[in-house]
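Taking it in order: structure first as structure tokens, then the write-up.
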There are 2 protein chains.
Amino acid sequence: MRHFRSEPLDEALVMRLLQAAHFAPSVGYMQPWRFIRVKSAKTRERMLALVEAERLETAKALGERQAEFLRLKVEGLRECAEVLVAALCDRRERHVFGRRTMPDMDLASVACAIQNMWLAARAENVGMGWVSMFDPQALRELLGMPEDSRPVAILCLGRVDAFYPRPMLESEGWKSREQLANLVFEDRWPAE
Amino acid sequence: MRHFRSEPLDEALVMRLLQAAHFAPSVGYMQPWRFIRVKSAKTRERMLALVEAERLETAKALGERQAEFLRLKVEGLRECAEVLVAALCDRRERHVFGRRTMPDMDLASVACAIQNMWLAARAENVGMGWVSMFDPQALRELLGMPEDSRPVAILCLGRVDAFYPRPMLESEGWKSREQLANLVFEDRWPAE
């Protein structure tokens, strides 16, 4: 099991990771990403409560896999060095370029930014976890976010005791890796 | 202006790019990405018509920036060596882990896969463009995709005459790069 170590991250390193995120491509060059650095211990504690509540709701919704799910390490919010919330900006409707038929392409852009940050973190030997188990409205209220903005991810960052050699959910038997050949089609979706 | 060259991409290279995509992280290890390689010239022609129709609709929706928009190079579908459609899989509702409150986290995973492919392409000196100007229902029908699947991106790939030194929409004056400091907040969203 991977664990975060308690030592803080160097400020310049955190800025390099944010810079990597900011250099992601975005729909119509919209740059819709915003980042809230959570430094308040009280706010972190409240976020932890939100995540824990949703973890239990998720477990219930999973039915027969409930017990198996509850044994997994699904967040590192308590012990990680740095907590960031990645969010979609407000006033998104002003941006039409590349979003007229698919408005959620700005969410895709934020995901590209987070993936850039993830790869940059790994290159710097920093562990990162993306937590999506929370009620977005509750987190929005906690962080004073405008109604038309949206929290996308709680990112837990820090030095770790080790990196997983394979995805943790694979090692723990939650799910296997798909064969790439089964995910690539030619010209048309295959018939059932 | 960057242009695609006509030479085909090596098959092993295309597979490396798809492999990079497939090694992206995903919500609950769902691996929701699917890729359709468009080899049929007829299908590519029809996709081009869909994109061109949406380009004109977007131009109209942009109002006073219409003429400026129409001068931009927004796709390379006609001349690129390889066309891929990146899609969300069908039967997504079976996956609850990390998606109970935010079902579109699987779209975020597909975006991470595309960003991995983008970075891998650049490292291989291959240009890539992400086209999101199309009617998703029309593209779904063209490619025989199930109703509960969803096309996310038309990806244009190929050797190019040059890479842009800066984002093209920045060089062309469409939009400037934001200052990172304006996008990073501490503990709370800033007041207006």
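Scanning the range A:164-174 for residues that are over 14 Å from A:Gly76 (Cα atoms) and not hydroxyl-bearing (Ser, Thr, Tyr) yields A:Pro165, A:Arg166, A:Pro167, A:Leu169, A:Glu170, A:Glu172, A:Gly173, A:Trp174.
Hey, could you check the range A:179-188 for residues that are at negative phi and surrounded by 15 or more Cβ atoms within 10 Å (Cβ to Cβ) and say which is farthest from the chain's Cα centre (by Cα)?
Of the residues in the range A:179-188, the ones at negative phi are A:179-186, A:188.
Checking which are surrounded by 15 or more Cβ atoms within 10 Å (Cβ to Cβ) leaves us with A:180, A:183-185.
On the way: A:Leu180: 24, A:Leu183: 24, A:Val184: 26, A:Phe185: 28 Å.
Across the range A:179-188, the extreme among qualifying residues is A:Phe185.
Among residues belonging to the range A:162-192 that are among the acidic types (Asp, Glu) and touching a strand residue (DSSP E or B) at 6+ places or on another chain (Cβ under 8 Å), point out the one that is nearest to A:Cys80 (Cα to Cα). Spell out how you get there, then give the answer.
Step one: of the range A:162-192, the residues among the acidic types (Asp, Glu) are A:170, A:172, A:178, A:186-187, A:192.
Add one more test, that the residue is touching a strand residue (DSSP E or B) at 6+ places or on another chain (Cβ under 8 Å), and what stays is A:186-187.
Values: A:Glu186: 43, A:Asp187: 45 Å.
My answer is A:Glu186.
Here the range A:21-70 is the region considered, the condition is being more than 19 Å from A:Ala81 (Cα to Cα) and touching a strand residue (DSSP E or B) at 6+ places or on another chain (Cβ under 6 Å), and the residue that is nearest to the other protein chains (Cβ to nearest Cβ) is A:Arg34. Being hydroxyl-bearing (Ser, Thr, Tyr) and out of contact with any Pro (no Cβ under 9 Å at 6 or more places or on another chain) is true of A:Ser176. Comparison of B:Ala41, B:Ala24 shows that the only residue that is closer than 23 Å to B:Pro167 by Cβ and either touching a residue at least 12 places away in the same chain (Cβ under 8 Å) or aliphatic (A, V, I, L, M) (or both) is B:Ala24.
What's the total number of residues in the range A:139-171 that are touching a Cys at 6+ places or on another chain (Cβ under 7 Å) and among the polar types (S, T, N, Q)? Spell out the reasoning first.
First, the residues of the range A:139-171 that are touching a Cys at 6+ places or on another chain (Cβ under 7 Å): A:149, A:156-158.
Filter once more, so that each one left must be among the polar types (S, T, N, Q): A:149.
Qualifying residue count, the range A:139-171: 1.
Criterion first (surrounded by fewer than 21 Cβ atoms within 10 Å (Cβ to Cβ), free of Cβ contacts under 8 Å to residues at least 60 places away in the same chain and out of contact with any Ser or Thr (no Cβ under 7 Å at 6 or more places or on another chain)) does A:Ala67 satisfy it? Against the criterion (surrounded by fewer than 21 Cβ atoms within 10 Å (Cβ to Cβ), free of Cβ contacts under 8 Å to residues at least 60 places away in the same chain and out of contact with any Ser or Thr (no Cβ under 7 Å at 6 or more places or on another chain)), A:Ala67 qualifies. Set side by side, the residues A:Ala53, A:Ala24 differ, and just one is small (Gly, Ala, Ser) and surrounded by fewer than 20 Cβ atoms within 10 Å (Cβ to Cβ), which is A:Ala53. For the range A:111-132, residues that are over 10 Å from the mean Cα position of the chain (by Cα) and either among the aliphatic types (A, V, I, L, M) or modelled with pLDDT under 95 (or both) total 7. So for the range A:160-169 (the condition being surrounded by 14 or more Cβ atoms within 10 Å (Cβ to Cβ) and within 7 Å of chain B (Cβ to nearest Cβ)), does at least one residue qualify? Yes; the residues of the range A:160-169 include at least one that is surrounded by 14 or more Cβ atoms within 10 Å (Cβ to Cβ) and within 7 Å of chain B (Cβ to nearest Cβ).
Select from the range A:71-81 the residues that are acidic (Asp, Glu) and away from chain B (no Cβ under 12 Å) and list them in ascending order. Steps first, answer last, please.
Step one: filter the range A:71-81 for residues acidic (Asp, Glu), giving A:75, A:79.
Scanning the range A:71-81 gives a single hit, A:Glu79.
Scanning the range B:41-50 for residues that are surrounded by 14 or more Cβ atoms within 10 Å (Cβ to Cβ) and within 30 Å of A:Gln179 (Cβ to Cβ) returns B:Thr43, B:Arg44, B:Arg46, B:Met47.
Counting the residues of the range B:70-95 that are among the acidic types (Asp, Glu) and either in contact with a Ser or Thr (Cβ under 8 Å, 6 or more places away or on another chain) or at pLDDT 95 or above (or both) gives 3.
Conditions tested, residue by residue: (1) out of contact with any Leu (no Cβ under 7 Å at 6 or more places or on another chain); (2) closer than 28 Å to A:Arg34 by Cβ; (3) hydrophobic (A, V, I, L, M, F, W, C).
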| residue | (1), (2), (3) |
| --- | --- |
| B:Ala120 | no, yes, yes |
| B:Trp130 | no, yes, yes |
| B:Ala138 | no, no, yes |
| B:Pro151 | no, yes, no |
| B:Leu169 | yes, yes, yes |
| B:Glu178 | yes, yes, no |
| B:Val184 | no, yes, yes |
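For B:Ser109, the conditions (1) under 30 Å from B:Gly173 (Cβ atoms); (2) among the hydroxyl-bearing types (Ser, Thr, Tyr); (3) in contact with a Pro (Cβ under 6 Å, 6 or more places away or on another chain) are fulfilled apart from (1). Counting residues in the range A:136-158 that are under 17 Å from the mean Cα position of the chain (by Cα), more than 21 Å from B:Val27 (Cα to Cα) and of a type outside the set (D, E, K, R) gives one or more.
The values are calculated or read from the model by the stated rules, or taken from the named source; none is laboratory data. Worth saying up front: this structure is predicted, and the values here are computed from it rather than measured. Virtual Cβ from ideal backbone geometry, glycine too; neighbours counted across all protein chains shown.
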